[in-house]
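Engineer: Could you have a look at this structure, given as structure tokens, before my questions?
The values are calculated or read from the model by the stated rules, or taken from the named source; none is laboratory data. Since the model is a prediction, treat every value here as computed from it, not as a measurement. Glycine gets a Cβ as well: all are built from the backbone with ideal geometry, and neighbour counts include every protein chain shown.
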Amino acid sequence: MNKFRFAAIAVLIFLISPKVFSQQWNTFGNFANPGDFVGTTNNAPLEFRQFNIRRALFTSENWPGYNNIGPVNNVNRIFVPSNSGVTQGNVFSILQLGDDLDNNFERDRMHKGITMGAGNDIFWSGIIQDPENDDNQTGGDAVIAWGDNEDPEDNGPDNFRFLFISNFTSASTGPNSDQGRDCITPQG
């Protein structure tokens, strides 16, 4: 009876296996049949996991638009946390990296850009389309923005720094140190 069960399970697995799509790495490459894909056919976010730990989240959302730029439905969003235990309630940029970002920093213009963050600190780089709100769709402004708490009692605001670095050594200051040499700070 055990041999019959084993054979039945083996046949069942053989019949089901063509319906299961996954990627495998081997020296011959990854082969896909027409119509195969890695993904999902429902509206739920797509999680990429390794050892059952979330490594990335692919999702979409309806973007409301801003200035004279109209709304866009089903825009791509990718969230890559720095820690597998981090979740993100709202992925508001095309690419978001880091820890759970404070959604109070979100601006509608952040739709076209990259956001990096750690808790209450964010860095955003992207394009503000039609910044003058004059219905001029021919250009936009390239922007770098950083955000932090404003209260000095909460160790804020943090600096926006440009660092020059060189070959890392045991130096405690200068370009060979861990943080390099500051070139520009808010103080000048």
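Engineer: Checking D141 against (1) more than 30 Å from N43 (Cα to Cα); (2) touching a strand residue (DSSP E or B) at 6+ places or on another chain (Cβ under 9 Å); (3) modelled with pLDDT under 80, which test does it fail?
Structural biologist: (3)
Engineer: Hey, can you tell me all the residues within the stretch 111-121 that are under 13 Å from I144 (Cα atoms) and crowded, with 22+ Cβ neighbours inside 10 Å? Steps first, please.
Structural biologist: Start the filter on the stretch 111-121 by keeping residues that are under 13 Å from I144 (Cα atoms), which leaves 112-116.
Matches in the stretch 111-121: T115 only.
Engineer: If you don't mind, another one. So which of G39, G29, G65 ends up being exposed (fewer than 11 other Cβ atoms within 10 Å of the Cβ), assigned by TED's automatic domain parsing to the domain that holds I128 and at pLDDT 60 or above? Let's see the steps before the verdict.
Structural biologist: Details: G29 fails: at pLDDT 60 or above; G65 fails: exposed (fewer than 11 other Cβ atoms within 10 Å of the Cβ).
Unique residue meeting the criteria: G39.
Engineer: Continuing with this model, one more query. Look through L97, L163 and report the one residue that is outside any loop (DSSP other than H, G, I, E, B), touching a strand residue (DSSP E or B) at 6+ places or on another chain (Cβ under 9 Å), modelled with pLDDT of 80 or more and not assigned by TED's automatic domain parsing to the domain that holds I53.
Structural biologist: Details: L97 fails: not assigned by TED's automatic domain parsing to the domain that holds I53.
Residue meeting the stated conditions: L163.
Engineer: Among the candidates N149, N90, N155, single out the residue that is surrounded by fewer than 17 Cβ atoms within 10 Å (Cβ to Cβ), touching a helix residue (DSSP H, G or I) at 6+ places or on another chain (Cβ under 7 Å) and at pLDDT below 80.
Structural biologist: On the way: N149 fails: touching a helix residue (DSSP H, G or I) at 6+ places or on another chain (Cβ under 7 Å); N155 fails: touching a helix residue (DSSP H, G or I) at 6+ places or on another chain (Cβ under 7 Å).
That would be N90, the only listed residue that is surrounded by fewer than 17 Cβ atoms within 10 Å (Cβ to Cβ), touching a helix residue (DSSP H, G or I) at 6+ places or on another chain (Cβ under 7 Å) and at pLDDT below 80.
Engineer: Please work out which one of (1) at pLDDT 80 or above; (2) farther than 26 Å from A142 by Cβ is the condition N104 fails and give its number.
Structural biologist: Unmet condition: (2).
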